[in-house]
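Chemist: Provided herewith is a single structure, encoded as C-alpha cells, for subsequent inquiry.
The values are calculated or read from the model by the stated rules, or taken from the named source; none is laboratory data. Computed from a prediction, not measured in an experiment: that's the story for all the values here. Don't worry about glycine lacking a Cβ; one is built from the backbone with ideal geometry, like all the others, and counts go over all protein chains shown. The protein model used for the area step is the full one, side chains on, heavy atoms only, and it has no ligands, DNA or RNA in it. Shrake-Rupley method; radii C 1.70, N 1.55, O 1.52, S 1.80 Å.
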Amino acid sequence: RAQADPLRPAYHFTSPAGWLNDPNGVGQRDGIYHLFYQYNPSGPFHDRIHWGHAVSRDLLHWSDRPIALTPGDGPDAEGCWSGVLVDDGGTPTIVYSGRADGRELPCLAVGSADLDTWVTLEQPIITAPPAEYDITEYRDHCVWRENGHWRQLVGSGIAGRGGTAFLYESEDLRTWTELGPLTVGDAGDVRLDDPEWTGTMWECVDFFRMTRGDDGLTGPPDGTSDDEHLLIFSAWHEGHTLHPLVAVGSYDGQRFVIDRIQRLDLGGRHAYAPQTFRDEAGRRVLWSWMQEGRDDAATAAVGWSGAMTVPRRLWLDDDGVLRSEPVPELTTLRGEQLLPADEVSSGVDLAGVDLDIEFTATIDAGGRVDVVLFATADGAERTVLELRRDGDGLRVKLDRSRSTLSTSCDTSSHAGAVPATDPTARVRILLDRSSVEVFVDGIALTTRVYPTRTDARQISISATGPARLDTARAWRLDDAEQPERVLHP
Ligand code: FRU
C-alpha cells in the first residue's frame, strides 16, 4: 500500500481507488442518498470509465457499494460516461452516455431495488445524433417526467454556433422522438457563441425549475408553469473544461428562452460537471467534481485523483441570482471550536488544514479584507483570498501564485464579482487539505492548492482601510469517517 497522501481530502468524498470525475445519478430513495460517479478503479487517470456508487443517510458519511456500471462489449465498450438516475414506475433506471468507436450515444441500464446490480441494454436508446445539424459533440443527459411523457436533454454543440442541448420525448425511456435544440445561437441579448464563455459544447446539462426566495420550490421542468427555469451546464471548449454556468430563463415545453447566464462557481474547472437533484425534503442539492490542479506525473505519484465538493443547497434568490451554501448537515462535523466571536475587528489568526471558518465583515469603498490560508511562517507558501467593495457588490480574488513551491501545480488565480445583498459580507470557508471552498454571500469559489511544507497551516483574516471584521467563528472539522481509501488497488 502506498503512503497516504497528506493532501487527500478527509471529509470530502473521494473514490476508493484511482480516478473520479463527474457526480452522476445523484438522488435520494427511501431516505438513502445515492452518489454515483465517473470512476476508473485501475489508476488515477481518465480511461475506460465505470460508474462507482456510494450511499449515505446524512450526505456526509458514505459507504461504498459495488461498481454499478462496467464497460461491456457493446455501446459502452470504451466507457460508461455521465448520466442520471430515474425512477421508471418504481424500477431504478440509469440513462448514461455509452462510449464506443470514439463517440458517445445515450444508453440505458435497469437496476435492482437496492440499486446495487445493473443490467445494461445491448443497444443505445438513441442510435445517432440529430442528422440535420453539424454536431461537434453529443453526450450527457437530463431526464424527467413532463405532462405524462418522458423528456430528455442531451448535451451538445453545433459547429460555428456553440453549445446547446437536444430535447427528446418518449413513452418508455427506450425509444425517443427528437424535438430539436432547446436553444440555438443567440438568445436575445445573451450570446451563446463565445467559445471562451459558453464553450463549443455543453457538458452535463441539468434542467429544472425554481421559484425565487430562500426556500423557493424546485422541481422538474414544466412548460405549463410560469416558474423560472434553470439550465446548469459545463462549458467545454474543444477539449478544455472551462467552467460551470447556469442559464436562467423561461421554458414553454419546447424552447428555453435564456434571460441571463451566470457563473455557478468562480473556481471554474475546479468545480466542474455539477449535477443536482431534489431531495425528499424538497431541497435542490448539488455536487461538483473538484478537478485536480496537479499535473499527470504528480497525480500518478500520489495514486488518486478527484474529489466531490461538499453537498450544497441551491436557491434562486430574490434578486434572481442563483446562490449556494454547504448543506446544514455539514455543521455536525464541527469539532473543537477555535475562534470566539468577540474582539475580532482588525483581524484573527488560527491554524489548521481541515477547518470551517465563518465571518462577517463590513467593507466600504477602498477597504479590503484579506484571508491568508495555508501559510508557512516565512510566507514562502500561502494562498490569499482578497475581498474588496466594487460598486454595490464585492470583488473576490483568490491568488494561488504562491500557494505551493511545487512546479507541477496550477497556480493561476480566480476572480469574480459577488452581487450585493446588503453592506455586510457573509463569508464561509471550508478547508480540507488540498480543497478550498469559499462562499461569499452565497457565491461559491472552489479551488485546489497543494502546499508542500508541513508547516503551511497558518491562517489569518485581516481588515485594512475602511473595513472591519464584525464576527468570526471557526471549527476543526472531523473526518467524515469515510471507508478506507487505497491508493493502488
Ligand atoms: C465531463 C465529462 C462528460 C462525460 C464524462 C466522461 O467532465 O467529460 O461530458 O460524460 O466527463 O467521463
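Chemist: In nm, give the distance between the simple-model label positions of T454 and T211, each being 7 Å from the Cα along the Cα-to-Cβ direction.
Modeler: 5.6
Chemist: Of all trypsin sites (Lys or Arg not before Pro) in segment 267-341, which ones are in loop regions per DSSP and have a Cβ with at most 11 other Cβ atoms within 10 Å?
Modeler: Of the trypsin sites (Lys or Arg not before Pro), not one in the loops of segment 267-341 has a Cβ with at most 11 other Cβ atoms within 10 Å.
Chemist: Per 20 Å bin, what percent of the C-alpha pairs of the chain does each bin hold, from zero upward?
Modeler: Values per bin, smallest distances first: 24, 58, 18, 0.
Chemist: Carbon-plus-sulfur fraction of the accessible area of the chain, 1.4 Å probe, in percent?
Modeler: C and S atoms contribute 47 percent here.
Chemist: For segment 160-294, rounded, prolate or oblate, judged on the Cα gyration tensor with a ≥ b ≥ c (square roots of eigenvalues), a/c < 1.5 rounded, else prolate if a/b > b/c?
Modeler: It is rounded, given that a/c, with a ≥ b ≥ c, falls under 1.5.
Chemist: Still on this structure, please answer the following. Let me have the 222 nm mean residue ellipticity of the chain computed from DSSP H runs of 4+ only, each contributing -39500 (n - 2.57), with the sum over all residues rounded to the nearest 500.
Modeler: -500 deg cm²/dmol
Chemist: Right, here's the next one. Rounded to the nearest whole Å², what accessible area per residue is found for segment 302-389 with the 1.4 Å probe? Numbers along the way, then the final one.
Modeler: Values: 2940 Å² over 88 residues.
Result: 33 Å² of accessible area for each residue.
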